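Enquirer: Quick one: the structure is below, questions incoming.
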Amino acid sequence: MATAPNTFIPLPELSKEVAEWVGSVAQLTQPHRIHWCDGSAAEMAQLRNELIAKQELQPLNAESFPDCYLARSHPSDVARVEHLTFICTSKQEDAGPNNIWMAPAEAHQKMDALFQGCMQGRTLYVVPYCMGPIDSPYSRCGVEITDSAYVVINMGIMTRMGRPALERIAADRTFIKGLHSIGELNPDRRFIMHFPEELSIKSFGSGYGGNALLGKKCHALRIASYQARTEGWLAEHMLIVGLQNPQGETHYVACAFPSACGKTNLAMLIPPDSMPGWKVFTVGDDIAWLHPGPDGRLWAINPESGYFGVAPGTSPKTNRNAYEMIRKDTLFTNVARTANNEPWWEGIGAGEPSIDWLGRPYEAKNGPAAHPNSRFTVSAVHNPAYTPEAENPRGVPISALVFGGRRRELAPLVYEARSWAHGVLVGASVASETTAAATGAVGVVRRDPMAMKPFCGYNFADYWQHWLNVGAKLKSPPKMFHVNWFRQNADGKFLWPGFGDNLRVLSWMLDRCAGRAQAQDTAIGYLPRPQDLNTTGLDISAENLNEILSVKSDAWRKEVADIRSYLGEYGARLPAALLAEVDSVEKRLG
Ligand code: SAT
Ligand code: MN
């Protein structure tokens, strides 16, 4: 029932399925009114004005930051809550040791009790959205029902939201149902529940990021990963970046790093002056949907249309593209302000905070002025490195897949997996120090396979098997790599400069893909020798470079034993092929 051009059908009449669901949710939640979002600029402006009138949004300096606003979340609602995030499959084993499980019936009962009457006196917003270009066969739609105008505005930036999405839903006759209420923002009445078998999500009690913008982690990763397994593709926590070499060839690379480990920076990298002729294009900074293509290559779309990036640390030095991109039309959350009403955060490199993220006059004794997980939400088209390839319905072909984590020690700057199966092991063994993107201790090393620990909607053992299966379908699979930009010396100093210089590592990878670059064969995979990297103009001592390009057998033997015991938690479901890869790394280490 797609609409003919020029035929105006009111939104609620477009899809009977959506209207019925909205009706049943309205009965449960008893809103004061219902608003179907069309996604227009006028609608966004009206929602912003309503929030400004309620003092829930503040316009920032209109001259230096036109159309930029500051929102403050509840102080106890500043990050994802993994301990309150559930996967509700009928069988517990299907959720796996990597998830917290609850039986679907129990979860529905618990959530419906919370949702009962929760929108009294509030507006129920119906937010139809499409993850991916509207005309891509790889895109998937959803409808989020929410009582938060802040969430609607974010979804309007982060997704293709409004009438075109609802038209596609009417044609597809299927959509992910995401029900959200901020409730009372009470951490004791906060749950994020996923029902992958029913393609639905229920989220209560948080208004923040990944807990509340249901198109993002809940749909595009947890539900989509489950869907992807049944349909033969992969939904991954990866940035997608295009690298054009001085000869004019562009190759695309997808990289999985945990939250707040620099995906946005890498996706928008500025080449160092000593690498003239290189250009970088951002396709996505957080999520990639990967499909085996008819040509035997792996193709990727970015399901999102905006960035929900970490503000602290963003400066002209670390990410000039992002810094320029967020000077207009940007929604800031939990940053500080200067006396001049400009946004401010630690690491911005200029200005001074006057009001902290909690709205208090800034005082150093109160801790950071901006919350460490404060964010900007901005449309992808404002990125100076934006490429229209992000709208290409068939996606972009992927030459290399890269895994990485934040590790002070052990993991070298880069190494290449020997094969797809070895690459799956490399991805499955990713470990990283925790960051402020989730509540809990920061800086603790934990296993974060494929950077998907908080986001895989089913048993990791089945997920790794699915990775192996997808690889078997690819005639020309991407090469797989592991990187670690975060090695430190005993004094806590970073050994690798990172940021733009990471292009040196990416360019070695692309040369490996083209069969042009050398490497040393080590027990853990292929590493560049120092002379294999482009080090022209690089500021690093030979000693430090050697240090980050070496493999310490003793430490790695311990690491492999630890990987084996971690994988052992998945018991008999663990793919034998993965264990065989562990055996062979162990053997090579001697
Ligand atoms: O809050 S979000 O989950 O959207 C951000 C992140 O953790 O990457
Ligand atoms: Mn992320």
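Enquirer: Which condition breaks for residue 400 when tested against (1) open to solvent by less than 30 Å² (accessible area, probe 1.4 Å); (2) assigned to a loop (DSSP other than H, G, I, E, B)?
Expert: Condition (2) is where residue 400 drops out.
Enquirer: Restricting attention to region 126-160, which residues are open to solvent by 10 Å² or more (accessible area, probe 1.4 Å) and part of a strand (DSSP E or B)?
Expert: Result: 140, 160.
Enquirer: Filter region 433-456 for residues that are in a strand (DSSP E or B), within 16 Å of ligand 2 (Cβ to nearest atom) and in contact with a helix residue (DSSP H, G or I) (Cβ under 8 Å, 6 or more places away or on another chain) and give the result.
Expert: Hit for region 433-456 is 438, nothing else.
Enquirer: Can you list residue pairs whose Cβ atoms sit under 7 Å apart, with the first residue in region 186-200 being open to solvent by 10 Å² or more (accessible area, probe 1.4 Å) and the second being in a loop (DSSP other than H, G, I, E, B)? Count only pairs 6 or more apart in sequence or on different chains.
Expert: Listed by first residue and then by second, the contacts come to 186/205; 187/76; 189/183; 189/205; 191/205; 197/89; 197/90.
Enquirer: Continuing with the same structure: Select, from 315, 305, the only residue that is out of contact with any His (no Cβ under 8 Å at 6 or more places or on another chain) and either open to solvent by less than 10 Å² (accessible area, probe 1.4 Å) or more than 15 Å from ligand 1 (Cβ to nearest atom) (or both).
Expert: 315
Enquirer: Answer yes if at least one residue in region 478-488 is touching a residue at least 60 places away in the same chain (Cβ under 8 Å), more than 16 Å from ligand 2 (Cβ to nearest atom), out of contact with any helix residue (DSSP H, G or I) (no Cβ under 7 Å at 6 or more places or on another chain) and closer than 24 Å to residue 249 by Cα, and no otherwise.
Expert: yes
Enquirer: Separate question: Please specify each residue of region 236-259 satisfying the condition of being within 16 Å of ligand 1 (Cβ to nearest atom) and among the β-branched types (Val, Ile, Thr).
Expert: 240
Enquirer: Additional query: What strands (runs of 3 or more DSSP E) lie completely within region 462-535 and have 1 or more residues being of a type in the set (D, E, K, R) and under 19 Å from residue 291 (Cβ atoms)?
Expert: Once the strands (runs of 3 or more DSSP E) in region 462-535 are filtered for at least 1 residues that are of a type in the set (D, E, K, R) and under 19 Å from residue 291 (Cβ atoms), what remains is 479-483.
Enquirer: Restricting attention to region 215-226, report how many residues are aliphatic (A, V, I, L, M) and either in a strand (DSSP E or B) or away from ligand 2 (no atom under 13 Å from the Cβ) (or both).
Expert: 2
Enquirer: Moving to a separate point now. Can you name every residue in region 260-273 that is open to solvent by less than 40 Å² (accessible area, probe 1.4 Å) and more than 15 Å from ligand 1 (Cβ to nearest atom)?
Expert: 268, 269, 271, 272
Enquirer: Restricting the first residue to region 538-561 and requiring it to be surrounded by 17 or more Cβ atoms within 10 Å (Cβ to Cβ), which pairs with a second residue that is among the hydroxyl-bearing types (Ser, Thr, Tyr) meet a Cβ separation below 6 Å and a spacing of at least six or different chains?
Expert: 551/522
Enquirer: When you go through 386, 362 one by one, which is the residue that is open to solvent by 10 Å² or more (accessible area, probe 1.4 Å) and in contact (Cβ under 8 Å) with a residue 60 or more places away in the chain?
Expert: Among 386, 362, only 386 is open to solvent by 10 Å² or more (accessible area, probe 1.4 Å) and in contact (Cβ under 8 Å) with a residue 60 or more places away in the chain.
Enquirer: Further question on the same structure: State the number of residues belonging to region 146-160 that are of a type in the set (A, V, I, L, M, F, W, C) and more than 14 Å from residue 39 (Cα to Cα).
Expert: Adding up the residues that qualify gives 0.
Enquirer: Something else: Please determine, by comparing only the residues of region 237-259 that are out of contact with any helix residue (DSSP H, G or I) (no Cβ under 6 Å at 6 or more places or on another chain) and more than 16 Å from residue 399 (Cα to Cα), which one is least open to solvent (accessible area, probe 1.4 Å).
Expert: Per the criteria, the residue is 259.
Enquirer: Tell me the residue from 229, 163 that is among the basic types (Lys, Arg), crowded, with 21+ Cβ neighbours inside 10 Å, on the phi < 0 side of the Ramachandran plot and more than 16 Å from ligand 2 (Cβ to nearest atom), please.
Expert: 229
Enquirer: Looking at region 286-301, which of its residues are of a type outside the set (Asp, Glu) and either within 14 Å of ligand 1 (Cβ to nearest atom) or open to solvent by 10 Å² or more (accessible area, probe 1.4 Å) (or both)?
Expert: Matches in region 286-301: 287, 288, 291, 292, 293, 294, 297, 299.
Enquirer: Residues of region 353-392 being among the acidic types (Asp, Glu) and touching a strand residue (DSSP E or B) at 6+ places or on another chain (Cβ under 7 Å), which ones?
Expert: Passing the criteria: 356, 389.
Enquirer: Looking only at region 451-480, filter to residues that are open to solvent by 10 Å² or more (accessible area, probe 1.4 Å) and within 16 Å of ligand 1 (Cβ to nearest atom); which one of those is nearest to residue 569 (Cα to Cα)?
Expert: Out of the qualifying residues, it is 453.
Enquirer: Just checking, which of 375, 327 is open to solvent by 40 Å² or more (accessible area, probe 1.4 Å) and within 26 Å of the chain's Cα centre (by Cα)?
Expert: Answer to the check: 327.
Enquirer: Confirm whether residue 90 is away from ligand 2 (no atom under 16 Å from the Cβ), under 27 Å from residue 332 (Cα atoms), surrounded by fewer than 17 Cβ atoms within 10 Å (Cβ to Cβ) and touching a residue at least 12 places away in the same chain (Cβ under 8 Å).
Expert: no
Enquirer: Next up: Anything in region 403-432 that is assigned to a strand (DSSP E or B) and open to solvent by less than 10 Å² (accessible area, probe 1.4 Å)? List them, or say none.
Expert: 403, 404, 414, 416, 431, 432
The values are calculated or read from the model by the stated rules, or taken from the named source; none is laboratory data. Computed from a predicted structure; not experimentally measured. Using ideal geometry, Cβ is built from the backbone for each residue, glycine included, and neighbour counts are taken over all protein chains shown. When the accessible area is computed, the model is the full protein with side chains, heavy atoms only, and any ligands, DNA or RNA have been set aside. Shrake-Rupley method; radii C 1.70, N 1.55, O 1.52, S 1.80 Å.
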